[in-house]
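Engineer: Got a structure for you, written out below as structure tokens; questions coming shortly.
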Amino acid sequence: MSPITFDNSYARLPEQFYARQAPVPVTAPGPIRVNRHLAEQLGIDANWLSSEAGTQVVAGNAVPPGSEPLASVYAGHQFGGYNPQLGDGRAILLGEVLSHEGRRFDLQLKGSGPTPYSRGGDGRSPIGPVLREYIVSEAMHQLGVPTTRALAAVTTGDWVQRDGSLPGAVLARVASSHIRIGSFQYFAAQRDIESLQLLSHHVIDRHYPDAKNSDNPVLAMLEAIISRQAQLMAHWQLLGFIHGVMNTDNMLVCGETIDYGPCAFMDQFNPDQVFSSIDHAGRYAYRQQPAIAHWNLSVLAQALLPILDNEQERAVALAQKAINTFPDQFLQANTQGMARKLGLQAIKEQDTGLVEDLWQLMAEHTLDFTLTFRRLADLADKNTEAKSSVAELFEFPDSVQPWLERWHTRLAQESTSSTERQALMYRNNPVFIPRNHLVEAAIVSATDRGDLSTFDQLVDTLEKPYQYRKALALFATPPKPDQVVRQTFCGT
Ligand code: AMP
Ligand code: MG
């Protein structure tokens, strides 16, 4: 019996969707970590996954029965410039598994060797990017953000050549699917209408089955994708998450966050913050993210034109109308999320100034994004403030007092009790995020000394991002000036 039960719907699509490609074996696989809880949800025995046999599968040295390994092909706009063929250059889709709830997930290996889409790259990954993706994607999940997830990671025993020699690793990643905006672009650019149809049927079956009941299922699919991306952008903005490389090949149509390359959470609030070492123009800065998502979705709409309507003019009108709903959908999700962060049932028109002034103060005083909101949660109920206070880590400067008084006056108008308001805020303002200096420290320990304990502690801590524990205060503390990470690098 295979340790993993596969049902590979993508592999049943015709050959123009992918290249059959097995992972390329490595020299000496060793375990890094297994996500036992996720494994069990997927019906994969966590003990097996942690065993030598499981490690061999994650490393790509053994292909389990039922797997139909392939590299998928896609195109994409990278930093605004169109590339007609990208594809999985360092990833292999092993196949799909069904969770206990009957949900379908891709099981993919990242860093598993070259494919026909490697474009001269080695198809490998150093341990750093694998750990970064493990830490940040799992943190995002625990924070409630739709995301690809980390199932397991292993070392390869091989060296990867980048600026110098770095130890190699492979990540086993799980996603609702890996179908990107760029997957649609690939066929649209070739005027391959039949494949475009097939792909949209596949996406509708898999992610948007309700669209089938619509008069125009492709339009309904587009609208649903737009809604999910609007929600996703609100999630990111409300947590101070900066993706770093929002190319159209890095946006999944299922609405999950993917590609944790040069990503980072902000420490001090700065709306113009960019971390990516290759983003010289600030295209993917924090404040730009919703607008970039909007642009990316218009690229998707454009790709779908041939199958939206037989008549081009009508197709364009339908696409335009759908795309135009994005800003409002984002604003609504963002405003609702902001209300929860501030302990309010809703943000009313007269509250706009209060919210804007807070962002202004945060920017002016370069306040820590995460601790600002967490401290506000502490202050929401003066009776219970002592219980889980981060006052030891963060206090507002005196100049914020007038704003705090305005906020308290506003809170007093709510029909909820102060205890309820505080509970709402604690559920929506994390105290533990994958701070860059902590991620960096975990990567350095593992890369330089083969020591995974820093990584493990960080992943463990981030399993409960909303629950402050005094003993773990160091994980909630902003970086000291010499610990600040100013740049992150693509996971190549
Ligand atoms: P990314 O910046 O991670 O979204 O990658 C963009 C494209 O480059 C994708 O097609 C990747 O598969 C490919 N790529 C990135 N790194 C490598 C590598 N080391 N070897 C082969 N292909 C790569
Ligand atoms: Mg990518």
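The values are calculated or read from the model by the stated rules, or taken from the named source; none is laboratory data. Fair warning: this is a prediction, and the values are worked out from it, not measured in the lab. Here the Cβ is made from the backbone with ideal geometry for all residues, glycine too, and neighbour counts use every protein chain on show. Please note that ligands, DNA and RNA were not included when accessible areas were found on the heavy atoms of the full protein model with its side chains. Shrake-Rupley method; radii C 1.70, N 1.55, O 1.52, S 1.80 Å.
Engineer: Taking segment 306-334 as the region of interest, how many residues are crowded, with 17+ Cβ neighbours inside 10 Å and assigned to a helix (DSSP H, G or I)?
Structural biologist: Final tally of qualifying residues: 13.
Engineer: Does residue 339 meet the test of being open to solvent by less than 10 Å² (accessible area, probe 1.4 Å), free of Cβ contacts under 8 Å to residues at least 40 places away in the same chain and assigned to a helix (DSSP H, G or I)?
Structural biologist: When the stated conditions are applied, residue 339 passes them.
Engineer: Another question about this same structure. Step by step: first the residues of segment 470-492, then only those that are over 25 Å from residue 149 (Cα atoms) and either within 16 Å of ligand 2 (Cβ to nearest atom) or in a loop (DSSP other than H, G, I, E, B) (or both), then the one that is most open to solvent (accessible area, probe 1.4 Å). Which residue is that?
Structural biologist: Here the answer is 486.
Engineer: For residue 377, state whether it is free of Cβ contacts under 8 Å to residues at least 60 places away in the same chain, hydrophobic (A, V, I, L, M, F, W, C) and part of a helix (DSSP H, G or I).
Structural biologist: In short, yes.
Engineer: In the set 241, 269, which member is buried (at least 20 other Cβ atoms within 10 Å of the Cβ) and in contact with a Leu (Cβ under 6 Å, 6 or more places away or on another chain)?
Structural biologist: From the options 241, 269, the qualifying one is 269.
Engineer: Hey, can you tell me all the residues within segment 421-451 that are over 21 Å from the mean Cα position of the chain (by Cα) and in a loop (DSSP other than H, G, I, E, B)?
Structural biologist: 450, 451
Engineer: Another question, if that's okay. For the condition surrounded by 23 or more Cβ atoms within 10 Å (Cβ to Cβ) and among the aliphatic types (A, V, I, L, M), what is the one hit in 226, 204, 193?
Structural biologist: On inspection, the qualifying residue turns out to be 226.
Engineer: Just wondering, is there one or more residues in segment 19-39 that are without any contact (Cβ under 8 Å) to a residue 40 or more places away in the chain, within 30 Å of residue 203 (Cβ to Cβ) and open to solvent by 50 Å² or more (accessible area, probe 1.4 Å)?
Structural biologist: Checking segment 19-39: at least one residue is without any contact (Cβ under 8 Å) to a residue 40 or more places away in the chain, within 30 Å of residue 203 (Cβ to Cβ) and open to solvent by 50 Å² or more (accessible area, probe 1.4 Å).
Engineer: Looking at 58, 97, which is the one that is within 18 Å of residue 177 (Cβ to Cβ) and either touching a residue at least 24 places away in the same chain (Cβ under 8 Å) or in contact with a Gly (Cβ under 7 Å, 6 or more places away or on another chain) (or both)?
Structural biologist: It is 97.
Engineer: Hand me the list of strands (runs of 3 or more DSSP E) wholly inside segment 68-116 holding 3 or more residues that are surrounded by 21 or more Cβ atoms within 10 Å (Cβ to Cβ) and not acidic (Asp, Glu).
Structural biologist: It comes to 70-72, 91-98, 104-110.
Engineer: Given the options 384, 454, 409, name the one that is polar (S, T, N, Q) and either assigned to a loop (DSSP other than H, G, I, E, B) or not assigned by TED's automatic domain parsing to the domain that holds residue 359 (or both).
Structural biologist: Every option except 384 fails the conditions.
Let's see how each residue does on (1) open to solvent by 10 Å² or more (accessible area, probe 1.4 Å); (2) of a type in the set (Lys, Arg); (3) away from ligand 1 (no atom under 16 Å from the Cβ):
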| site | (1), (2), (3) |
| --- | --- |
| 149 | yes, yes, yes |
| 159 | yes, no, no |
| 166 | yes, no, no |
| 174 | no, no, yes |
| 181 | no, no, no |
| 199 | no, no, yes |
| 208 | yes, no, yes |
| 234 | no, no, yes |
| 253 | no, no, no |
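Engineer: Now a separate question. Considering only residues that are within 15 Å of ligand 2 (Cβ to nearest atom) and within 19 Å of residue 438 (Cα to Cα), which ones fall in segment 259-279?
Structural biologist: Of everything in segment 259-279, those that are within 15 Å of ligand 2 (Cβ to nearest atom) and within 19 Å of residue 438 (Cα to Cα) turn out to be 260, 261, 262, 263, 276.
Engineer: So, one more: Which condition number does residue 34 fail, the rest of (1) within 24 Å of the chain's Cα centre (by Cα); (2) over 14 Å from residue 151 (Cα atoms); (3) not small (Gly, Ala, Ser) being met?
Structural biologist: (2)
Engineer: Would you mind stating whether residue 65 is within 16 Å of ligand 1 (Cβ to nearest atom) and in contact with a Ser or Thr (Cβ under 6 Å, 6 or more places away or on another chain)?
Structural biologist: Spelling it out, it is not the case that residue 65 is within 16 Å of ligand 1 (Cβ to nearest atom) and in contact with a Ser or Thr (Cβ under 6 Å, 6 or more places away or on another chain).
Engineer: Going by the structure shown, is residue 303 open to solvent by less than 20 Å² (accessible area, probe 1.4 Å), at pLDDT 95 or above, among the hydrophobic types (A, V, I, L, M, F, W, C) and in the same structural domain as residue 221 (by TED's automatic domain parsing)?
Structural biologist: It is true that residue 303 is open to solvent by less than 20 Å² (accessible area, probe 1.4 Å), at pLDDT 95 or above, among the hydrophobic types (A, V, I, L, M, F, W, C) and in the same structural domain as residue 221 (by TED's automatic domain parsing).
Engineer: Given the residues 344, 354, which is the only one that is open to solvent by less than 50 Å² (accessible area, probe 1.4 Å) and either over 23 Å from residue 230 (Cβ atoms) or touching a strand residue (DSSP E or B) at 6+ places or on another chain (Cβ under 6 Å) (or both)?
Structural biologist: Step by step, each of 344, 354 is checked, and only 354 is open to solvent by less than 50 Å² (accessible area, probe 1.4 Å) and either over 23 Å from residue 230 (Cβ atoms) or touching a strand residue (DSSP E or B) at 6+ places or on another chain (Cβ under 6 Å) (or both).
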